[in-house]
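Below is one structure, written out as structure tokens; comments come after it.
The values are calculated or read from the model by the stated rules, or taken from the named source; none is laboratory data. These numbers come from a predicted model, not from an experiment. FYI the Cβ positions are ideal-geometry reconstructions off the backbone, even for glycines, and counts take in every protein chain you see. These area figures cover heavy atoms from the full protein model, side chains too; ligands, DNA and RNA do not enter into them. Shrake-Rupley method; radii C 1.70, N 1.55, O 1.52, S 1.80 Å.
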Amino acid sequence: IMRQICHHIRYRNISRVSFSDNRFTNMRGAINELGKALQSKQLKHLIWSGHTIETTEDMTLFTRVLTQSNSVEELTFRWNSNENAQALLSDVDFSRYKLLNLSSNDLQTNGRTDIPDLIAVNSPLEELYLYSNRLNDDDAVLIAQSLSRNTHLGRLNMENNNMQARGMRALY
């Protein structure tokens with residue numbers, strides 16, 4: 001079925017697709033088919049939600065098919081895992097994306113600066129959703145500092161994280 005869906009995405013005028021809680025029995029096959037669908041110049045928004053990618057090999061394949069797509073501008077990647085969200089942040093070039101939603105992934109940076117770096121380069125990113133993760137005060141301070149160098153980001157949602165007063169003060 002994934003092959004048929006992705007065939008229609010590729011050859012029809014479909015600009016937005018959502019794969020949510022599908023429980024793929026063959027994750028690698030599903031990702032391979034997704035890669036074919038992502039060749040469509042019409043597809044601008046991908047939602048991949050509730051499909052925890054279990055193996056490093058499959059996550060590497062997922063980041064590769066995203067990187068090879070030149071048309072997707074909006075990615076929602078929710079309810080996966082911290083490890084998978086980290087793999088996306090470190091392996092995918094988001095420099096052309098307008099929307100990135102990494103909410104509800106248990107994301108914690110552990111000192112990594114992928115998120116502040118993404119903001120600081122002043123990419124076309126207009127919306128960044130990081131709610132319901134495990135970002136802390138240090139993350140909030142780094143993100144706040146990176147915002148001073150960004151002129152495009154108009155919406156940042158960081159609610160329901162592990163931030164206290166110091167992190168909130170830095171952001172507001």
Could you state the number of Å between the C-alpha centres of segment 70-102 and segment 137-165?
17 Å
Averaged per residue, the 1.4 Å probe accessible area of the chain, protein heavy atoms only, in Å², is roughly 52 Å²
So for the chain, taking the charge dipole from beta-carbon charges (+1 Lys/Arg, -1 Asp/Glu), which of TYR129, VAL17, HIS152 sits furthest toward the positive end?
VAL17
Of the heavy-atom accessible surface of the chain (probe 1.4 angstrom), what whole percent is carbon and sulfur?
44 percent
Between LYS36 and GLN164, how many nm apart are label points set 7 Å from Cα along the C-beta direction?
5.3 nm
So what does HIS152 come to for accessible area, using a 1.4 Å probe and Å² rounded to 10?
90 Å²
With θ taken as phi - 60° and the coefficients 6.51, -1.76 and 1.60, list the Karplus ³J(HN,Hα) couplings across segment 86-99 in order, rounded to whole Hz; mark glycine and proline as x.
4, 4, 4, 4, 8, 10, 10, 7, 9, 5, 10, 6, 9, 9
With labels modelled as points extended 7 Å from the Cα through the Cβ direction, what inter-label distance (nm, one decimal) is found for TYR131 paired with ARG96?
3.0 nm
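Show me the GluC sites (Glu not before Pro) within segment 71-165 that DSSP assigns to loop and that have at most 16 other Cβ atoms within 10 Å of their Cβ.
Sparse-neighbourhood loop GluC sites (Glu not before Pro): GLU126, GLU159.
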Cα-only Debye scattering, the chain: base-10 log of I(q)/I(0) at q = 0.15 Å⁻¹:
-0.82
Where does the chain land at 222 nm, in deg cm²/dmol rounded to the nearest 500, when only DSSP H runs of n ≥ 4 count, each adding -39500 (n - 2.57), divided by all residues?
-11500 deg cm²/dmol
Per-residue HN-Hα couplings for segment 157-170 [Karplus 6.51, -1.76, 1.60; θ = phi - 60°; Hz; x = Gly/Pro]:
10, 10, 5, 6, 10, 9, 8, 10, 4, 4, x, 5, 4, 5
